[in-house]
Amino acid sequence: MTHTLIASAAALGLAYAGMALLCLAMDRHHQQVWGREPSRRQRAAMQAGGALLLALALLPCVAAWSATVGVVLWLGFLSAGVLPLVFLLPYAPRATAWSALLVAPAALGGLMWIP
């Protein structure tokens, strides 16, 4: 039971951080948070990092559940990971960036506890 809880938390954290990076790669949201548009290199790095975190969110799902159920749960965690961004990004853009920065290492650390 506890490994599924850790897997759920890790997948949700990785999905949230990945979606936050993808949001911050957009000109509008980057402007809201940092007061300037991202450079081409920053945008590419954030897009690659966000895609990598979203792909890593699949690992705990498949490890804790089977591949068929894990993929379905992964899609659910992707949807659940973007929900806080919908409410947080328009009203507290800096909090979004800092929360993603704090959640990502914790979620990556949670990957070590999954058998």
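The values are calculated or read from the model by the stated rules, or taken from the named source; none is laboratory data. Nothing here was measured: the structure is a model prediction, and the numbers come from that model. Positions of Cβ are generated from backbone atoms using ideal geometry, with glycine treated the same way; all protein chains shown enter the neighbour counts. The accessibility values were calculated without ligands, DNA or RNA, using every heavy atom of the protein model including side chains. Shrake-Rupley method; radii C 1.70, N 1.55, O 1.52, S 1.80 Å.
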At a 1.4 Å probe radius, carbon and sulfur cover how many percent of the accessible area of the chain?
74
Calculate how large, on average over all directions, the projected area of the Cα convex hull of the chain is; give the answer in nm² to one decimal.
6.8
What number comes out for the charge environment of Glu37, summing +1 per Lys or Arg and -1 per Asp or Glu over other residues with Cβ under 12 Å away?
+3
Over the Cα atoms of the range 74-115, compute the convex hull volume and normalise it per residue, giving Å³.
56
Where a ≥ b ≥ c are root eigenvalues of the Cα gyration tensor, a/c under 1.5 meaning rounded, otherwise prolate if a/b exceeds b/c and oblate otherwise, the range 29-80 counts as prolate
Here the net charge surrounding Asp27, from other residues whose Cβ is less than 15 Å away from its Cβ (Lys, Arg +1; Asp, Glu -1), is +4
Considering only protein heavy atoms, what per residue accessible area in square angstrom results for the chain with a 1.4 angstrom probe?
58
Order 78-86, 12-20 from most to least packed using the mean count of other Cβ atoms within 10 Å.
12-20, 78-86
If we sort 33-40, 105-112 on the protection proxy, mean other Cβ atoms within 10 Å, highest first, what's the order?
105-112, 33-40
